[in-house]
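Engineer: Take a look at this one; I'll ask things after.
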Amino acid sequence: MAWFRRLESESKEDALPAKNKATFTKRERERQRQQQRQEKATKRQQRQAEKRERPPVETGGEDPDIAGIVPGPQPVQE
């Protein structure tokens, strides 16, 4: 006999303990994690492909943010 008591009037299915809901939720969380990993890997591959297709950035030119700035002491503004 199992660790639980079964009444004579109950059927065998009624007397069995309920399935553990935690197992189901754990599986769902793991599936969700796997799906997120897959989506992340796909996005990573797309970014790498876009990076390869981009034209090369011009180097050696002057940065437009600092164009015309003279290093060193600045003249006094009146």
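The values are calculated or read from the model by the stated rules, or taken from the named source; none is laboratory data. Predicted model only: the values in this text are computed from it and were never measured. Here the Cβ positions follow ideal geometry from the backbone for every residue, glycine too, while neighbour counts run over all protein chains shown.
Engineer: Taking ALA22, is it modelled with pLDDT under 90 and either in a helix (DSSP H, G or I) or surrounded by 10 or more Cβ atoms within 10 Å (Cβ to Cβ) (or both)?
Structural biologist: Numbers: modelled with pLDDT under 90: yes; either in a helix (DSSP H, G or I) or surrounded by 10 or more Cβ atoms within 10 Å (Cβ to Cβ) (or both): yes.
Yes: the conditions hold for ALA22.
Engineer: Being among the β-branched types (Val, Ile, Thr) and modelled with pLDDT under 95 is the filter here; which residues of segment 25-55 pass it?
Structural biologist: Step one: of segment 25-55, the residues among the β-branched types (Val, Ile, Thr) are 25, 42.
Once the filter is applied, which keeps residues that are among the β-branched types (Val, Ile, Thr) and modelled with pLDDT under 95, segment 25-55 yields only THR25.
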